[in-house]
Amino acid sequence: MGLRREFSKFKALFSFSRRGPAADLEEEIRSHLRMEERENRESGMSLEQARLAAMRRFGNVTSVQERSREMWQWTSVEQIVQDLQFGFRQLRRDVGFTTFAVLTLALGIGASSVIFSLVNEVLLRPLPFARSERLVDVWEAMPKRNIPRLPAAPGNYLDWRTMNHVLDSMGGFVETGFSVTSTGDPERYIGAFCDEGLFRTLQVAPILGRTLIVEDTLPGRDTVAIVGYGLWRRRFGGDRHILGQTIVIDGRARTIVGVMPEGFSFPERSEIWAPFGWSGEARSRRDGHFVRVIGRLRDGVSVTQARAEFSLIAEKLAKEHPAFDQDELIEVRPVMDDLVGNLRPAFVVLVSAVGFLLLIACSNVASLLLAKAAGSVRELAIRASLGAGRPRILRQLLVESLLLSVNGGMAGLILAAGAIHAILLTVPDNIPRLADVHLDRSAVLFTLALSVLTGIFFGVVPAWSYSRNDLHSELKKSSRNSTARGGWRNALVVLQVSAAVVLMAGAGLLIHSFHALLQVDAGFNPDHVLTARLTPAQSKYDRRPGLEIQLARSILRNVAAVTGIEKSAITTDIPIAGNPTFIMRLEGQEVSVSQAPITTFFSVTPSYVDVMGMRLIQGRFFNDSDVAGSPLVAVVNQTLAQKYFPGQNPIGRRIEVTFQDPPRWRQIVGVVADVHSDGLAAATPVQVYTAFLQMPGASPDSTPEMSIVARTKLDIAVAGPALKDAILQADRAQPVFALQTMDQVMGQSIAERRFALVLIAGFAGMSLFLVAFGIYSVMSYTVAQRTSEIGIRMALGAKVHQVLWLIERQALVLTTTGLAGGLLVASLVTRFLKSMLFRIGPVDPATFLGVAVGLLLVGMLSCCPPAWRASRVDPVDTLRQE
C-alpha cells in the first residue's frame, strides 16, 4: 500500500490536479507554518521544538528587509545547511519523483563511469615500466606487398642495433610456448626467447638473481632461464634458493638464473624467458621475419626523429642487401599505439554514445524538475514575499538538483560496479588490458565530479526559469494557471529525441554491419569441429620430419578410436585466427626474395578438407599416396588461381613455398574454395596447402606446431578430455593446449565488434526508454494544464477522436522536430563509424528510415495514456470548476 501511495504522488505530478482560488498572503503563511510544523513532528521533534523550528524558518524575523538581507547571504554555511535539510525533506516528500529521477541519472552517470573505467584502464593507464612513453616498437614493412608491418629478420635486427643513434637500448624477442616436464603430464607456459637487450630496454630488475647477459646468447651458452613471479610461487613454492636449480624446458635442461618481480609479464602472459642462442648462420638470415623488436628512445629524441633515422637505415640496407631488403621500410611506433591503437576508434564511439545517453538523462530530469517547480511556484512566491531574493531561491533549487545528482551518482556507482563485473565475465581474451578494468579511486572521483556537473547542468534551466519570474504575481493566480514553461519542456523533449536518434542510428548501423559480417561465407563449416594444439619439442623433433610424421599418424590413429569423433585431421594452423605467411615463386618466374609474392601456408593431412567442410573446386585433394618420398604436390585456393593463372588451368603448374637452391617444386593437383584466414572482414589472401605426410613444414628444416581438428557431435566437455587423452597417448612429453571449438574461434575473431555493439546497443535501448518517458511526462503535464480547454471543447461538441488527435498532434510535432535535427546530426556523426562498418555506408538509408519509424512509433505510443485521459475529461465538472 505504501508503494502504491508513493507512486500515486509521483503520478499526480502529471495528472489533472486543480487547486482552489488563491488565498491571501496571511493564510498561505499559516498553511506553510502548519506544514513545516507537521514535518518537524514527523522527524522526531517535540511539539514545542517543531513550532519553534517552523517559526524560525518562516516567521522569526524582525522585518521583511532583514529577512531579505539574510536571503542574499549566498555563502552562509548556516543557510546552506538549511537548504540541504529542506532539500532532503522535499525529496523525501515526493518519493516517486525522487526515485525515478535518481534512477534516470544512475543510468546516465553509471554508464559514464563504466566507459571511463574502460578508457582509463585500456587507453590512458601507462604501461608498468619506467617512463613507458619512451618505449617504441620497430617493425619491417613491405608496402608493395601490402604488408604494413612484420617482425624483423635476425640479420636486419642486429644491424639496427649497431647503426642507430636514437635509441638508448634495443631488445629482440620471439613469443613462444614452453613445455616444462618433470613428473606427470607436461605443462605449457607462455614465454619468449630473447636477448639481453629486452630487460635493459624495459628497465626491469629481477627480485632474485640476474637477467640475461651477452654471453648467454652465444651458441652452446644458452642453457639458462628466467622465471616469472607466478611460476616461481606455484611450481617452486617461492623458494628463495631457486637460483642454480634446473628446469627441463622443451626437453632441454636449463639453469634458473633469475626471478622477475610480481606483475611483470612481457610479452603478455609470459612466465619464462630463455636466450636466443643463435648460430652464426642464424644471425645472418634476412629471409625469415620472426623477431619482435622493442627500443627505448634517448632523452630528447622524438618518435619523428627516430623514424627519420630508421628510414635512412632502411635505404642503406636496401643497397647493401637488395635481394632481401629492396622495397622494405622500417616502421617506428610507440608501444602503446601498437598495443591498443586499433581499439581507439571503438572507444571514441563508446564515449560519444555515453555522452548522448547522459545528455538524454539530464534533459529528462530537467523536464521533471520544470514540472515539479511549476507545482511549487506558490511556495516559491511565499518565500519571495518573506524576503527571499532571487539568489536564495536559485540556490535552493540548485541544491535540490545537486542532491538528486549526487544520489544518482551513488546509485550509478552501484550500477557501474555490477556492469563491470558482467563485462569481465564475458570479456573477450583478445582485447588487451580489458581484464584489469575495475572501479578505482579515479573512477569514483570522476563519478562524483560528473554528478556535480550534471546536477548543475540539468538544474540550472528550471532554477533560473523560476527564480527570475515575478513570484509575487503568482499568488494572484490559481496553480492551474501558473506559468507552464512549456517552451522549455518542449525544447528538452526535442533535444532528447535528437540525441536518441544519433544513438540509435549508430547502434542500427553496427547491428546491420554485424549481421552482414555473420552472413560471410567463411569457406568452411565450423559446426561440431573441435580443435587442439601442441608444439613438438625442438630437442626431439627439430630437423626430423620423419619423427613428426610418425607422431601425426599415431595421433590420428588414437583419435579415430575415440567414441563420438567421426573424422579427424592434422594441420599446421587453423583458419580465421591469423595464419603464417611465406614467400613463394612460380615456375618460370624470375624474382628475388625481396620481390617474391606472399602466400598463407597450411600443411594438412588428407582428411582435412572433409573435417573442415571445405569445397573442392577443381582437381583433387591429398590422398594416402601423398607421402614422404612421393612427388611433392600442392593445392591452391581460388584467389591464387585467378591471380596468377587467369583464364588458365592451374592443375599441373608448379610452385615453390620458400626459396631453395635448387628449387623444391610442388605440382598443383587441386583448387579449393577460399577460406578466410585473418577474420571474416578481411579479404581472402593467396593460400597454398601442402601434404603434411610428405613434409610437415615448408622445408625439411622446419618443425611446425600441429593442430588437431576433429568433427564430433559430442559436447566439448565430453569430447575435449577424450581428444586430449588420445593425443597424449602418442607422446606424453608434448603438452596439449588451445582446446576449443571452431565456433569459439569464430567468436573470438569478431569479439571486438560484438563487444562494442553490445555496449552501444545497450545505451541505445536505455535512451529509447528515457525518451519514451520524457514524451509521456511532457504530454501528461500538457494535458493537466489544458484540462479546462479540453473540457470546454468537449462541451462545445468536440469528439473523442478530435481530443485524441489534439494531444497526439503535439507529440508528433515534438517527435518529428527531434527526428529532423537528430537525423541531420547523425548523418555527420556516423561518419566516424566508417572503420567499424562492414559492407554498408555510414549513412545507410534503410537504417536511418528504420530509426525514424521506430522513434515515431515510440513517440505516438508514449502519449497515448495522457491522450486517453484527456478524452475522458467530464465537461460538466470542468465548467462547474470554472
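The values are calculated or read from the model by the stated rules, or taken from the named source; none is laboratory data. This is a predicted model, so every value here is computed, not measured. All Cβ positions, even for glycine, are placed from backbone atoms using ideal geometry, and neighbour counts span all protein chains on display. We work out accessible area using only protein heavy atoms, side chains counted, and drop any ligands, DNA or RNA first. Shrake-Rupley method; radii C 1.70, N 1.55, O 1.52, S 1.80 Å.
Quick notes on this structure:
- Selection count, segment 108-141, where residues are open to solvent by less than 10 Å² (accessible area, probe 1.4 Å) and closer than 30 Å to I583 by Cβ: 5
- Boolean, T211 is farther than 21 Å from L127 by Cα and of a type in the set (S, T, Y): no
- Given (1) in contact (Cβ under 8 Å) with a residue 60 or more places away in the chain; (2) more than 38 Å from the chain's Cα centre (by Cα), number of the condition A560 does not satisfy: (1)
- Cβ-Cβ under 8 Å pairs, at least 6 apart or on other chains, segment 749-768 side acidic (D, E), far side at pLDDT below 90 and open to solvent by 40 Å² or more (accessible area, probe 1.4 Å): E752/N430
- Being over 22 Å from H528 (Cβ atoms), modelled with pLDDT of 95 or more and not aromatic (F, W, Y) holds for only one residue in V688, V672, and it is V688.
- Failed item, numbered, when T162 is tested on (1) of a type outside the set (D, E, K, R); (2) touching a residue at least 24 places away in the same chain (Cβ under 8 Å); (3) in a helix (DSSP H, G or I): (2)
- Number of positions in segment 710-735 that are buried (at least 23 other Cβ atoms within 10 Å of the Cβ) and either within 23 Å of I190 (Cβ to Cβ) or under 36 Å from the mean Cα position of the chain (by Cα) (or both): 5
- Considering segment 62-107, the residues that are among the small types (G, A, S) and either over 17 Å from N364 (Cα atoms) or modelled with pLDDT under 75 (or both) include one that is least open to solvent (accessible area, probe 1.4 Å), namely G87.
- Scanning segment 230-259 for residues that are open to solvent by less than 10 Å² (accessible area, probe 1.4 Å), outside any helix (DSSP H, G or I) and not β-branched (V, I, T) yields a total of 1.
- Residue count for segment 708-765, restricted to those that are out of contact with any Leu (no Cβ under 8 Å at 6 or more places or on another chain) and either among the acidic types (D, E) or assigned to a loop (DSSP other than H, G, I, E, B) (or both): 7.
- Residue list for segment 747-777, restricted to those being open to solvent by less than 30 Å² (accessible area, probe 1.4 Å), more than 22 Å from V114 (Cβ to Cβ) and under 19 Å from the mean Cα position of the chain (by Cα): G747
- Sole residue being in contact with a His (Cβ under 9 Å, 6 or more places away or on another chain) and assigned to a strand (DSSP E or B), chosen from E121, E140: E140
- As a summary of the residue check, G697 satisfies the conditions (1) part of a strand (DSSP E or B); (2) closer than 20 Å to T176 by Cα except for the one numbered (1).
- Single unsatisfied condition, A798 versus (1) at pLDDT below 90; (2) assigned to a helix (DSSP H, G or I): (2)
- Odd one out for F116, checked against (1) assigned to a helix (DSSP H, G or I); (2) among the aromatic types (F, W, Y); (3) modelled with pLDDT under 55: (3)
- Set E789, E808: member being in contact (Cβ under 8 Å) with a residue 40 or more places away in the chain and acidic (D, E): E808
- Applying a threshold of 8 Å to beta carbon distances and a minimum spacing of six or more residues, or different chains, the list of pairs starting in segment 656-672 at a residue that is closer than 20 Å to R285 by Cβ and polar (S, T, N, Q) and ending at one that is open to solvent by 60 Å² or more (accessible area, probe 1.4 Å) and in a strand (DSSP E or B) reads T658/F582.
- Once segment 268-280 is narrowed to residues that are in a loop (DSSP other than H, G, I, E, B) and open to solvent by 10 Å² or more (accessible area, probe 1.4 Å), the residue that is nearest to V174 (Cα to Cα) is F276.
- Segment 618-649 - residue that is part of a strand (DSSP E or B) and within 19 Å of A683 (Cα to Cα) and, of those, nearest to the chain's Cα centre (by Cα): N637
- Scanning segment 818-842 for residues that are without any contact (Cβ under 8 Å) to a residue 12 or more places away in the chain and either open to solvent by less than 60 Å² (accessible area, probe 1.4 Å) or in contact with a Ser or Thr (Cβ under 9 Å, 6 or more places away or on another chain) (or both) returns A820, L824, G841.
- Set A314, A353: member being farther than 30 Å from R831 by Cβ, at pLDDT 85 or above and either over 28 Å from the mean Cα position of the chain (by Cα) or open to solvent by less than 20 Å² (accessible area, probe 1.4 Å) (or both): A314
- Hits in segment 281-302 (condition: open to solvent by less than 70 Å² (accessible area, probe 1.4 Å) and free of Cβ contacts under 8 Å to residues at least 24 places away in the same chain): S302
- Note on segment 586-595: residues that are closer than 30 Å to A681 by Cβ and either open to solvent by less than 20 Å² (accessible area, probe 1.4 Å) or modelled with pLDDT of 90 or more (or both) total 2.
- Of all residues in segment 219-229, exactly one satisfies the criterion of being surrounded by 14 or more Cβ atoms within 10 Å (Cβ to Cβ), at pLDDT below 95 and not charged (D, E, K, R), namely T223.
- One residue stands out in segment 428-461 among those that are open to solvent by 20 Å² or more (accessible area, probe 1.4 Å) and among the small types (G, A, S): the one that is nearest to R753 (Cα to Cα), namely A435.
- Residue, surrounded by the most Cβ atoms within 10 Å (Cβ to Cβ), within segment 650-684, restricted to residues that are among the polar types (S, T, N, Q) and either more than 43 Å from the chain's Cα centre (by Cα) or not in a loop (DSSP other than H, G, I, E, B) (or both): Q667
- The set of residues from segment 200-216 being touching a Pro at 6+ places or on another chain (Cβ under 8 Å) and part of a helix (DSSP H, G or I) comprises just one member, D216.
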